[in-house]
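Taken together, the values in this text are just the output of simple stated rules run on the coordinates, not laboratory data. These numbers come from a predicted model, not from an experiment. Neighbour counts are summed over all protein chains in view; Cβ atoms, including those assigned to glycine, are modelled from backbone coordinates with ideal geometry.
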Amino acid sequence: MTRGIFVTATDTEVGKTVVTAGLALVLREQGLRVGVMKPVQSGHLADDPEGDGGRLKRWTGVEAGPEEIVPYSFSLPVAPLIAARSAGVAIDQAGLVERIRTMAERYDLLLVEGAGGLLVPVGPDWTMADLAVELEWPLVIVARPNLGTVNHTVLTLEAARSRGLHPLGVILNGYREGERDPSLEANPEMIERFGGAPVLGRIPWMEEPMTTEKLRDVFIRALDGRALMERLRLTVRVEG
Ligand SMILES: Nc1ncnc2c1ncn2[C@@H]1O[C@H](COP(=O)(O)OP(=O)(O)OP(=O)(O)O)[C@@H](O)[C@H]1O
Ligand SMILES: [Mg+2]
């Protein structure tokens, strides 16, 4: 049985790529062979080092090639359906699921980064959520730490569950030093109480340049790798 995690977020630019890379490094530390994939990328072509696939490859050091990591890419920085349409391309859902499954066979665990949030349109009648549904993989939801995040995160959790998806938990990304937002402290508890999913970690805002070493240090400190493995064993039957 092939397995993986689908990494989604409450919005675009929340930190899915950074968190996907950080998660890969934490899980690798636990002895897993971890792969990464960004099935549909807009704003950068697959071989652009500044695109999500390029950053995932650089930060995690996976051997897979750009087109393997990113099967569909478009230069227009808009939702996949709109970008694909303007490029005259139809994204083949079944074919994409097949490519993801084939990639997953090369690893103990494959982390798949969605595009934007869960309900972003990818085809004329399907969204990012449908990829996760087809894969039957659990979700990690990346969310902002500050004001507004409880609503966005609980909405995402509800939309996920209503489609039969299983959220493993939420990662709050981008705590800035000195930020004076009175909601910051209570937000994790509110998300757990109203969303019914655990907050797996709180990731600080990191200074540039982002490097593998920095990501590894920060994420190992912020996430409990063993607890994560335990959760994965229960839901995706990861060995090791
Ligand atoms: N914890 C962090 N510390 C410092 N920079 C961060 C952090 N998280 C995200 N960033 C930066 O914020 C920007 C958005 O993050 P990222 O690219 O991971 O978002 P995303 O959710 O993957 O966006 P998209 O929807 O385009 O895939 C990037 O420039 C990234 O380097
Ligand atoms: Mg991204």
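In the chain, if every C-alpha pair distance is counted and binned at 5 Å from zero, what percent goes to each bin?
Pair shares across the bins are 1, 7, 15, 19, 21, 18, 12, 5, 1, 0.
Skipping prolines and chain starts, which residues have an amide H placed within reach, meaning under 5 Å, of the one on ASP224, given they are 5 or more residues away or on another chain?
none
Taking the Cβ of each residue in GLU177, GLU189 as the centre, tally the other Cβ atoms inside 10 Å and list the residues starting with the fewest. Walk me through the numbers on the way to the answer.
Numbers: GLU177 7, GLU189 11.
Ranked by crowding around the Cβ, least crowded first: GLU177, GLU189.
Report the equivalent ellipsoid semi-axes for region 97-213 in whole Å, largest first, defined as the square roots of five times the eigenvalues of the gyration tensor built from alpha carbon atoms.
27, 19, 13
Averaging over every viewing direction, what projected area does the convex hull of the Cα atoms of region 1-122 cover, in nm²?
Averaged projected hull area, Cα only: 6.9 nm².
Using Cβ counts within 10 Å as a stand-in for footprinting exposure, how do THR20, THR102 rank, fewest first?
Exposure proxy ranking, most exposed first: THR102, THR20.
Once phi is turned into θ = phi - 60°, what whole-Hz ³J(HN,Hα) does the Karplus curve with 6.51, -1.76 and 1.60 give for every residue of region 20-35, x standing for Gly and Pro?
4, 5, x, 4, 4, 5, 5, 6, 5, 4, 8, x, 8, 8, 10, x
Of the chymotrypsin sites (Phe, Trp or Tyr not before Pro) in region 168-240, which ones lie in a loop per DSSP and count no more than 16 other C-beta atoms within 10 Å? Show your work: numbers first, answer last.
Details: sites: TYR175, PHE194, TRP205, PHE219; in loops: TRP205.
In loop regions of region 168-240 (DSSP not H, G, I, E or B), the sparsely surrounded chymotrypsin sites (Phe, Trp or Tyr not before Pro) are TRP205.
Extension gain ASN146-VAL78, at 0.36 nm per residue separation less the Cα-Cα distance, in nm? Please report the intermediate quantities before stating the final value.
Details: separation 68, 0.36 × 68 = 24.48 nm, distance 2.49 nm.
Residue separation times 0.36 nm, minus the Cα-Cα distance, leaves 22.0 nm.
222 nm [θ] for the chain, helices only, -39500 (n - 2.57) per DSSP H run of 4+, per residue, to 500? Intermediate values should be presented prior to the final figure.
Details: 10 runs with 100 residues, N = 240.
My calculation for the chain gives -12000 deg cm²/dmol from helical runs alone.
Would you list TRP137, TRP59 from fewest to most Cβ contacts within 10 Å?
Starting with the residue having the fewest Cβ neighbours, the order is TRP59, TRP137.
Could you give the length gained on full extension between GLU230 and THR102, defined as 0.36 nm per residue of separation minus the Cα-Cα distance, in nm?
Difference between extended and current length: 43.6 nm.
Going by amide H atoms built from the backbone, whose H comes under 5 Å of the H on VAL142, apart from near neighbours?
Under 5 Å from the amide H of VAL142 lie the amide H atoms of THR8, ALA9, THR10, ILE171, each far enough along the sequence or on another chain.
For the chain, what is the percent of antiparallel DSSP beta bridges, rounded to the nearest 5?
Bridges in the chain are about 5 percent antiparallel.
Give a residue-ordered list of calculated ³J(HN,Hα) values for region 127-134 (Karplus: 6.51 cos²θ - 1.76 cosθ + 1.60, θ = phi - 60°; whole Hz; x for Gly, Pro).
Those phi angles translate into 10, 3, 4, 5, 5, 5, 5, 4 Hz.
May I ask you to derive the relative contact order of region 29-186, considering only C-alpha pairs under 8 Å and at least 6 residues apart, and to give it as an integer percent?
Relative contact order comes out at 20 percent.
Whose amide H sits under 5 Å from the amide H of VAL120, counting only residues 5 or more places off or on another chain, with H placed in the peptide plane?
Sorted by chain and number, the residues that satisfy this are MET128, ALA129.
Along region 184-190, what does the Karplus equation 6.51 cos²θ - 1.76 cosθ + 1.60 (θ = phi - 60°) give for ³J(HN,Hα), rounded to whole Hz, x for Gly and Pro?
3, 5, 7, 4, x, 5, 5
Relative to 2.2 N^0.38 Å, what does the C-alpha radius of gyration of region 122-187 come to as a ratio? Two decimals please.
Rounded to two decimals, the normalised Rg is 1.32.
Spin-label point model (7 Å from Cα, Cβ direction): what's the ALA94 to MET190 distance in nm?
A separation of 4.5 nm, rounded to one decimal place.
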